[in-house]
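> Can you keep this structure in mind? I'll have questions shortly.
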Amino acid sequence: MAAQYRIYHNPRCTKSRQTLALLHDAGITPEILQYLDSPPSSKELSMLISKLGFSSARQLIRTGEALYKELLLCDPKLSETQLIAAMVEHPKLIERPIVVKDNKAILGRPPENVLNLIG
């Protein structure tokens, strides 16, 4: 059975569009999840963090977003559950794009990272 690919995509993001183009260039038509319109659940985000090999939800948060500062997400006392809840409630805080293949995921920053999932 062929591997299934999924991309957590923001069509307004250049890196996300470039990553999707790399997948298409490789002959891959991934399932496209526009996560800003349909945010992932906390369970789904937890699984993504694990598949990415991240040790903390903080690694998936866009720290440059004004919302990051407004919500005081830099507070080291915040639990993983609280950080994930913030991303579910405010999906623009989720770093993008994320490409998933089977039990592995990769962050498309830079887009060429996705090449490590192909093949």
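The values are calculated or read from the model by the stated rules, or taken from the named source; none is laboratory data. Because the structure is a prediction, the values reported are computed rather than measured. Methodologically, a virtual Cβ is constructed for each residue, glycine included, from the backbone with ideal geometry; neighbour enumeration extends over all protein chains shown. The protein model used for the area step is the full one, side chains on, heavy atoms only, and it has no ligands, DNA or RNA in it. Shrake-Rupley method; radii C 1.70, N 1.55, O 1.52, S 1.80 Å.
> Kindly state, to the nearest 0.05, the FRET efficiency for residue 89 paired with residue 112, given R0 = 30 Å and r defined as their beta-carbon distance.
E between residue 89 and residue 112, to the nearest 0.05, is 0.45.
> Related question: Does anyone have the angle between helix 14-25 and the longest principal axis of the chain? Alpha-carbon axes, 0 to 90°, nearest 10?
Once rounded, one gets 30 degrees.
> Need one word for segment 1-46: rounded, prolate or oblate. Basis is the Cα gyration tensor (sqrt eigenvalues a ≥ b ≥ c); a/c below 1.5 gives rounded, then a/b vs b/c decides.
Oblate shape, in that a/c is at least 1.5 and b/c is the bigger or equal ratio.
> Right, another one. Starting from the Cα of residue 32, step 7 Å toward the Cβ, then list every residue of segment 84-114 with an amide N under 15 Å from that point.
From segment 84-114, the list is 97-99.
> A further question follows. Over segment 1-105, consider all pairs of different Cα atoms and compute the Kirkwood hydrodynamic radius from their mean reciprocal separation; express it in Å, one decimal.
Computed over segment 1-105, the radius equals 14.3 Å.
> Here is a further query. So what's the back-of-envelope 222 nm ellipticity for the chain, counting only DSSP H runs of four-plus at -39500 (n - 2.57) apiece and dividing by all residues, rounded to 500?
Estimated from H runs of four or more residues: -9000 deg cm²/dmol.
> Using modelled amide H (1.01 Å from N, peptide plane; none on Pro or chain starts), what sits under 5 Å from the amide H of residue 90, excluding residues fewer than 5 places away?
Under 5 Å from the amide H of residue 90 lies no amide H from a residue far enough along the sequence or on another chain.
> Could you calculate the contour length gain from residue 104 to residue 75, that is, 0.36 nm times the residue separation minus the distance between their Cα atoms, to one decimal place in nm?
7.5 nm
> Here's a follow-up. Rank 52, 72, 20 by mean-square fluctuation in a GNM of the chain with C-alpha springs under 10 angstrom and give only the top-ranked residue.
Sorting by GNM fluctuation, first place goes to 72.
> Rank 99, 88 by accessible area, highest first, at a 1.4 Å probe radius?
Descending order: 88, 99.
> Quick one: among 64, 108, 53, which has the greatest mean-square fluctuation in a GNM of the chain with alpha-carbon springs under 10 angstrom?
64
> Which percent of the accessible area of the chain is formed by carbon and sulfur heavy atoms (probe 1.4 angstrom)?
Its accessible area is 51 percent carbon and sulfur atoms.
> Right, here's the next one. Under a 1.4 Å probe, what is the accessible area of the chain per residue, stated in Å²?
56
> Could you run the Karplus curve 6.51 cos²θ - 1.76 cosθ + 1.60 with θ = phi - 60° over segment 31-41 and give me ³J(HN,Hα) per residue in whole Hz, x for Gly and Pro?
6, 9, 10, 7, 5, 6, 7, 10, x, x, 6
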